[in-house]
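The values are calculated or read from the model by the stated rules, or taken from the named source; none is laboratory data. The shown structure was predicted, so the numbers you read here are calculated from the model rather than taken from an experiment. Cβ: placed from backbone, ideal geometry, glycine included. Neighbour counts: every protein chain shown.
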Amino acid sequence: MHYNPFIHDYSKDYLTFVAKESGTFTFTPQNNNIISYSTDGGSTWTQGNSVSVNNGDKVMWKGTMTPSNDGIGNFSSTANFDVQGNAMSLLYGDNYMGQTNLTGKTYVFHRLFRNNIKVISAEKLSLPAITLVNDCYDSMFQDCTSLTAAPKLPATTLANYCYYSMFYGCTNLTTAPELLATTLASNCYAYMFKGCTSLTKAPELPATILAERCYRFMFQNCTSLTIAPELPATTLASGCYLDMFEYCTNLTTAPELPATTLASGCYNAMFADCTSLNYIKAMFTTTPSSTYTSDWVRNVAASGTFVKNAAATWNVTGVDGIPTGWTVETATE
């Protein structure tokens, strides 16, 4: 691929809000953090937490902030806006470019835009961190109900709770960011897209070794979801898929489940109340029970097909096993 000089690199810009109407941007700090803003492209900076804007105005932000358990603070707004540029300018001030390490900054962007119903697009927001820390993006955009586009997430090695509830309740989000991680951590994707009712397709999930509760509630109540991601993992972990697709009422086909050995709670309520679901291929030979598969097919379609491993000797029907009324087939490969 050739370099295109006309593609703007937003990672080289300070964190920037682009106003789509008149109003006010406000930052409420945690941990006595101090923030500065510029309205003239960085020529002059003003220390302060609030700035009035008109349609089309751009406001840059910077600071050298330290997070508490409530993050560094929270942005609110009375004007619709897009967010772009590099979030690291809130942590490293003028030295933000090239920073990719969040070590020592647990909870750093926790709730940064939570409940901000005025943020429209974060597609050009740069979150360049490769080294993550626990809870770093926890609830960052939770209940941002106007958000239509998410930022890229380049990290391939995750930390505990790093994306926990990151887009929970973003009811206008139609496309999920690509998720490249192959090394997971406890609860890393838990609740990430819960209640994203406009999301039609889930991102790929390439990890083959899972972590405790890594995907729990990840897509719960994504009622427009019609295409589930492949789930290639053959080594499961406690609660890894707990409630993952619960209430995904438009999902008709489950992803193939290749793991042969189950872990405690791994499939509990995984497809519960997926009322359109009519096809499951699951290769586990562990006998399903409330220990592993509690309510996993509760209220799925009344009829469907369940493809079972030829080596599986179990015969369990009902909400913890093969849905009652479904046809059972034996996998040929």
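Out of the residues in the stretch 53-98 that are touching a strand residue (DSSP E or B) at 6+ places or on another chain (Cβ under 7 Å) and among the hydroxyl-bearing types (Ser, Thr, Tyr), which is farthest from Asn134 (Cα to Cα)?
Of everything passing the filter in the stretch 53-98, Thr78 is farthest from Asn134 (Cα to Cα).
Of the conditions (1) out of contact with any strand residue (DSSP E or B) (no Cβ under 7 Å at 6 or more places or on another chain); (2) more than 25 Å from Leu153 (Cα to Cα); (3) among the charged types (D, E, K, R), Arg213 satisfies every one except a single condition; which number is it?
(2)
Tell me which residues, restricted to the stretch 320-331, are in contact (Cβ under 8 Å) with a residue 12 or more places away in the chain and farther than 18 Å from Ala259 by Cβ.
Listed by number, the residues that qualify are Pro323, Gly325, Trp326, Thr327, Val328, Glu329.
Here is a yes/no grid of residues against (1) at pLDDT 95 or above; (2) assigned to a loop (DSSP other than H, G, I, E, B); (3) closer than 24 Å to Leu231 by Cα; (4) aliphatic (A, V, I, L, M):
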{"site": "Lys124", "(1), (2), (3), (4)": "yes, no, no, no"}
{"site": "Pro128", "(1), (2), (3), (4)": "yes, yes, no, no"}
{"site": "Phe141", "(1), (2), (3), (4)": "yes, yes, no, no"}
{"site": "Cys144", "(1), (2), (3), (4)": "yes, yes, no, no"}
{"site": "Tyr164", "(1), (2), (3), (4)": "yes, yes, yes, no"}
{"site": "Phe167", "(1), (2), (3), (4)": "yes, yes, yes, no"}
{"site": "Thr197", "(1), (2), (3), (4)": "yes, yes, yes, no"}
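State all residues of the stretch 290-319 that are among the hydrophobic types (A, V, I, L, M, F, W, C) and touching a residue at least 24 places away in the same chain (Cβ under 8 Å); if no residue qualifies, say none.
Across the stretch 290-319, the qualifying residues are Trp296, Val297, Val300, Ala301, Phe306, Val307, Ala311, Ala312, Trp314, Val316, Val319.
Determine which single condition Lys201 fails, assuming it passes every other condition in (1) closer than 23 Å to Ile280 by Cβ; (2) at pLDDT 95 or above; (3) of a type in the set (D, E, K, R).
(2)
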